[in-house]
Amino acid sequence: MSNTIELIREEALASILDVNSSDALVEWRSRFIGRKGAVNGLFNTIGTLPRDERAAFGQRVNALQSKLTEAYDKREALIRQRALAMDLEDGDIDISLPAHPRPKGGLHPSTRTHREFQKIWADMGFHVYQSFDVEEDDFNFTLLNLPPHHPARDMQDTFYTANPKVLLRTHTSPGQIRAMRELGAGGSQPIRVILPGMCYRQEQVTARSEIQFTQVEGLAIGRNIRMSDLKGTIAEFAKRIYNPNAKVRYRASYFPFTEPSMEVDVECFLCDGEGCRVCKYTGWLEIAGSGMVHPTVLRNGGYDPNVWSGFAFGMGPERITMLKHGIQDIRYFWGNDLRFLKQF
Ligand code: DAH
């Protein structure tokens, strides 16, 4: 009996390949899956089988029926398709053909945040300065007021190249020196730039720290730039990127390249400052390091610190993206897992 099922399956699937008209299709259908067709014939024999074989047999006939119905549907679509194509004149385009779906790419979540940053800073008069990922030790440290053996060098574990004077930048701050030297016209022009890019640190990779991440550095140099300009500018940025009521606060801090230095917190936008797991129940999220450009750094950039002053800041877009989208693990960013990337 089960052999019959196989035979019918083979015969049906072989003969449908010769079906090339709707008439032939109707004929095929009534022969195999019609009311008086072969499959129904099989169903009718169930009653003649020993009881304990009936269920298994019934299942197999059911499977055969779905298989043949599927083959029928496919053949029908093909015949319909061909009939349409026959109506076409030579050279016509068959608009009934299914289109080839084009896989759509998307922007990396960090790229999105970067673009958002760039747009806001551009609106505020800052243009983008692209600096190098591979830096000289001098620019990454010494010219930023971190001479060799300065203890603050330990704050950033560095990837060096075979040449100990060449490294992967540990922050975007070295671009400050390059921007001042390139755009400052020998310390005679004001500048306002942001410096976005990838940074690298030799760290243990965990949910909270990666060996690569992006930063957006900001730098403004002018004749009368004061701390209040820095505070106002950052507060304005926070309003534009979070919400118009975003509150910020400033905490005194230390960075070798700024004096005075401060860290900037924004009121936690997930709990409105009430305190939650993300802000560790403080009500505040740290968004930037910043300060007034240190006189030594100004001098290294070609400016006379008695005439010029400036402010600088550094922000971490990944952190902001993580907070915005509730991403728990920074390793997703550079793991190239499409299941993560496709969500953006
Ligand atoms: N470069 C610092 C870091 O990576 C961040 C920073 C702090 C940048 C203060 C600045 C600044 O421009 O003024 O930790």
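Rule-based calculations on the coordinates, nothing more; no lab input. None of these values were measured; they are calculated from a predicted model. Cβ placement follows ideal geometry from the backbone for every residue including glycine, while neighbour counts extend to all protein chains displayed.
Summing -39500 (n - 2.57) over the DSSP H runs of n ≥ 4 in the chain and dividing by its residue number, what mean residue ellipticity at 222 nm do you reach, to the nearest 500 deg cm²/dmol?
-12000 deg cm²/dmol
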How would you classify region 28-134 from its alpha-carbon gyration tensor, with a ≥ b ≥ c the square roots of the eigenvalues: rounded for a/c under 1.5, else prolate if a/b is greater than b/c, otherwise oblate?
-> oblate
Provide 338, 323, 68 in ascending order of the number of other Cβ atoms located within 10 Å of each residue's Cβ, fewest first.
-> 338, 323, 68
May I ask you to list the trypsin sites (Lys or Arg not before Pro) in region 213-262 that are in a DSSP loop and have at most 11 other Cβ atoms within 10 Å of their Cβ?
-> 223
Between residue 214 and residues 5 or more places away or on another chain, the pairs with built amide H atoms under 5 Å apart involve 199, 318
Scan region 1-92 for GluC sites (Glu not before Pro) in coil per DSSP, keeping those whose Cβ has at most 16 other Cβ atoms within 10 Å, and list them by number.
-> 89
Relative contact order for the chain using alpha-carbon pairs under 8 Å, separation at least 6, rounded to a whole percent?
-> 14 percent
Please give every one of the lysines within straight-line cross-link reach of residue 119, meaning a C-alpha to C-alpha distance under 19 Å, and leave out same-chain neighbours fewer than 8 residues apart.
-> 239, 324
Using alpha-carbon positions, the gyration tensor of region 102-225 gives root eigenvalues a ≥ b ≥ c; with a/c under 1.5 called rounded, otherwise prolate if a/b exceeds b/c, else oblate, the class is oblate
How do 188-201, 263-276 rank on mean C-beta neighbours within 10 Å, highest first?
-> 188-201, 263-276
Cβ charges +1 (Lys, Arg) and -1 (Asp, Glu), total dipole of region 2-90, debye = 540 debye
Inter-label distance for residue 324 and residue 63, nm, one decimal - labels placed 7 Å from Cα along Cα-to-Cβ = 5.1 nm
What net charge do the residues around residue 28 carry, taking every other residue with its C-beta under 12 Å from that of residue 28, with Lys and Arg at +1 and Asp and Glu at -1?
-> -2
Kirkwood hydrodynamic radius over Cα pairs of the chain, then Stokes diffusion coefficient at 37 °C and 0.692 mPa s, in µm²/s = 127 µm²/s
Among 85, 20, 333, which residue has its Cα positioned farthest towards the positive end of the charge dipole of the chain, with +1 placed on the Cβ of Lys and Arg, -1 on the Cβ of Asp and Glu, and the dipole taken about the Cα centre?
-> 333
Are there cysteines in the chain with no other Cys C-beta under 4.7 Å, and if so, which?
-> 199
1/(1 + (r/R0)^6) with r = Cβ-Cβ of residue 259 and residue 112, R0 = 45 Å, i.e. FRET efficiency to nearest 0.05, evaluates to 0.85
So who's got an amide H within less than 5 Å of the one on residue 261, skipping anything under 5 residues away but keeping other chains? H placed 1.01 Å off N, in plane.
-> 253, 255
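List the trypsin sites (Lys or Arg not before Pro) in region 1-109 that DSSP assigns to loop (not H, G, I, E or B) and whose Cβ has at most 15 other Cβ atoms within 10 Å. Which are they?
35, 36, 104
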Ranking 214, 158, 172 by Cβ neighbours within 10 Å, fewest first, what do you get?
-> 158, 214, 172
